[in-house]
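The values are calculated or read from the model by the stated rules, or taken from the named source; none is laboratory data. Because the structure is predicted, anything quoted here is derived from the model rather than measured. Positions of Cβ are backbone-derived with ideal geometry, glycine not excepted, and every protein chain shown enters the neighbour counts. Each accessible area value is taken on the protein alone, full model and side chains, heavy atoms only, with ligands, DNA and RNA left out. Shrake-Rupley method; radii C 1.70, N 1.55, O 1.52, S 1.80 Å.
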Amino acid sequence: MQGTLGYIARRLALAVPVLLAMSVFVFAIIHLTPGDPVRAALGLSYAPTAAATLRHQMGLDQPIVQQYLNWLGNVLRGNLGQDLISHQPLSELLSQRLPVTLELTVLSMGLAVIIAVPLGVAAARHPGGIVDRLLGGITLLGISVPDFVLGTLLILLFAATLNWLPPQDFVPFTQSPSDNLRHLLLPVIALAMAEVAYISQTTRASMLETLNQDYITFLRAKGIPERTVAYKHALRNAAVPVITVIGVQFGTLLGGAIVVENVFSLPGVGKMTVDAVSTRNYPIVQGGVLVIAAIFIAVNLITDILYGVFNPRIREGQR
Amino acid sequence: MSAPATMPAAQDSRPVRFGLLTRALGRNRAIVAGLAIVLALTLVALAASMITPYSYHAMSYDAVLAGPSRAHVFGTDGLGRDLFTRVVYSFQVSLKVAFGSVVLALLVGIPLGLVAGYWGGLLDGLLMRLIDMLLAFPAILLAIALITILGQGLTVMVIAIAVVYVPILARVLRGSVLDVRQATYVEGARARGAGHMRLMLRHVLPNSIGPTLVQATLLMAFAIQIEAGLSFLGLGVQPPTPSLGYMLQENHGYISQSPWGSLFPCLAIALAVLGFNLLGTGLRSSLDPRGRAR
């Protein structure tokens, strides 16, 4: 147990420099971009004296390291700056945008896992069988059709041609759960497809390895039904690589959500960030990048920790 | 994009094997099919002006959002431009970004991975931490951030994607260098008095580069996805230069009037990605000593 805690502590300590480096990079977005943020903030009401005052207020006349530390201090206190155009605090914007992105990604991952794990197990139980071949096709499709392309094709088929589902826009879950899910169905499928490919292939490979082990043969010899052997005994031991791939792919999903939100006009963090790039609303870009990267790092950290907890050999190896 | 997705193979070097994919097609058939698609697309892109009689920016108000016909095989877009022509010219951008970003990333990543794996120690530790930090961003997010800083355009896109790829390739190479540097033939060369430079370039590198080149092929597929994704977001090449992603964006508002305007660019992206994926997975299973694909 102490070993586990020590391992977790070491993983957490390793994440600190990564987070710091990420913060420097995000800070740099404003300071390396061409153009003067003061000029951008003042817009048409630009005047030299007002500019000097604002520059002082924004702390832009201080040394760059001091500016970074001020900014980092603010971020840690939850003050992420404000929208240059609407002057809305970014934390407020994020509280509206983040739930959309999280709902989209979590539902997509959920759907992918529900489809992929049974598919992978079934394919491993009968290699070369119908399910296994079907899985080959799904994999080919999943890795070759990018999520936003699949999204466009789904709109083309289900919204534009068949008129079954709304092509875009978003209804909050609290307003109408059924409408919310109807609007999210296509984007969730678009994002989940590639993950189905990765998770089911990993499940299949891991199950194949596990099903070949002696204790499985022993269970079979004892006369335990094949389904019980596969789902109850083998899957439990084959789960570690699957959990890892789910964690790693969650990051991929976050990246995919940035584009898919734009395909379906979903008001998430990704759409907010991309819209802000074209309007040069840099604090928003900064906030969006910061939040997505922080979630990404956190998910990877959790995956690493779970991996170590399930796999004592990894834990020992790191010592 | 799926860092983007998209972007699956790129985020991590923990192996995810598509043994099944290659098994279905047969090992060499996957390589042959992939190579055929890639070569065909390259030829089409290079010979664009000979293949199509139209120019990619010539508008025709007589034929706006037209379906496929004898005059316009894929139909026309909202400005009456020939869709087939625009798809063909778009491959130029896709392939420039795919080859450009991967070659640039190899030029930087190979020395880094080779040195880190060969020397180990502090240098290796520092490089690996740096790589962990770069891998702490989803690929498309890093690209968006870099585009915000550097501005838009083909070159910026190539650089942004290469920045994402350098750590991935360096890490793969470092891994195989670690395996190879203790091999008996390297020991033998060292015993014969070969210097470090000679050992690294003549003995270690040629024997450890395979997996890195396979990864590079798969990353080309991923680069095509990222380019299309960024262009879809309006962060890619500037109009009127045609790009598959931007074509999708332009047609997004007319999707019910003009399904062709979305369908053909979608198929073109999928075909290009599929070509590089088949080539990469085929090469990977032929390199795999365990012969896992059979």
Can you name the number of the only condition in (1) more than 7 Å from chain B (Cβ to nearest Cβ); (2) open to solvent by 10 Å² or more (accessible area, probe 1.4 Å); (3) not hydrophobic (A, V, I, L, M, F, W, C) that A:Glu261 fails? (2)
Go through (1) more than 27 Å from B:Leu39 (Cα to Cα); (2) open to solvent by less than 20 Å² (accessible area, probe 1.4 Å); (3) within 14 Å of chain A (Cβ to nearest Cβ); (4) part of a helix (DSSP H, G or I) and name the single condition B:Ser90 misses. (1)
Taking the residues in region A:76-115 that are among the β-branched types (Val, Ile, Thr) and under 26 Å from A:Gly256 (Cβ atoms) as candidates, determine which candidate is nearest to the chain's Cα centre (by Cα). A:Thr105
Checked pairs for region B:93-107, first touching a residue at least 60 places away in the same chain (Cβ under 8 Å), second surrounded by 18 or more Cβ atoms within 10 Å (Cβ to Cβ) and of a type in the set (D, E, K, R), C-beta under 8 Å and 6 or more apart or across chains, list as B:Val93/B:Glu227; B:Ser94/B:Glu227; B:Val97/B:Glu227; B:Ala98/B:Glu227
Some residue of region B:188-210 being closer than 27 Å to B:Phe276 by Cβ and basic (Lys, Arg): no
Can you tell me which residues in region A:189-212 are closer than 17 Å to A:Phe264 by Cβ, open to solvent by 10 Å² or more (accessible area, probe 1.4 Å) and more than 9 Å from every other protein chain (Cβ to nearest Cβ)? A:Ile189, A:Met193
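Considering A:Leu98, A:Leu157, A:Leu93, which residue is surrounded by fewer than 16 Cβ atoms within 10 Å (Cβ to Cβ) and either in the same structural domain as A:Ile258 (by TED's automatic domain parsing) or of a type in the set (A, V, I, L, M) (or both)? So that I can check it myself, show each step before the final result.
On the way: A:Leu98 fails: surrounded by fewer than 16 Cβ atoms within 10 Å (Cβ to Cβ); A:Leu93 fails: surrounded by fewer than 16 Cβ atoms within 10 Å (Cβ to Cβ).
Residue meeting the stated conditions: A:Leu157.
Can you go through A:Ile292, A:Ile302, A:Ile284 and tell me which one is touching a residue at least 24 places away in the same chain (Cβ under 8 Å), β-branched (Val, Ile, Thr), touching a helix residue (DSSP H, G or I) at 6+ places or on another chain (Cβ under 7 Å) and at the interface with another protein chain (Cβ under 9 Å from one of its Cβ atoms)? Step through it out loud before you land on a result.
Details: A:Ile302 fails: at the interface with another protein chain (Cβ under 9 Å from one of its Cβ atoms); A:Ile284 fails: at the interface with another protein chain (Cβ under 9 Å from one of its Cβ atoms).
Only one candidate passes the filter, namely A:Ile292.
Determine which member of the set A:Leu134, A:Leu165, A:Leu185 is closer than 21 Å to A:Glu103 by Cβ, more than 24 Å from the chain's Cα centre (by Cα) and open to solvent by 20 Å² or more (accessible area, probe 1.4 Å). Spell out the reasoning first.
Numbers: A:Leu134 fails: closer than 21 Å to A:Glu103 by Cβ; A:Leu185 fails: more than 24 Å from the chain's Cα centre (by Cα).
That would be A:Leu165, the only listed residue that is closer than 21 Å to A:Glu103 by Cβ, more than 24 Å from the chain's Cα centre (by Cα) and open to solvent by 20 Å² or more (accessible area, probe 1.4 Å).
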Count of region A:229-255 residues which are buried (at least 20 other Cβ atoms within 10 Å of the Cβ), within 14 Å of another protein chain (Cβ to nearest Cβ) and hydrophobic (A, V, I, L, M, F, W, C): 7
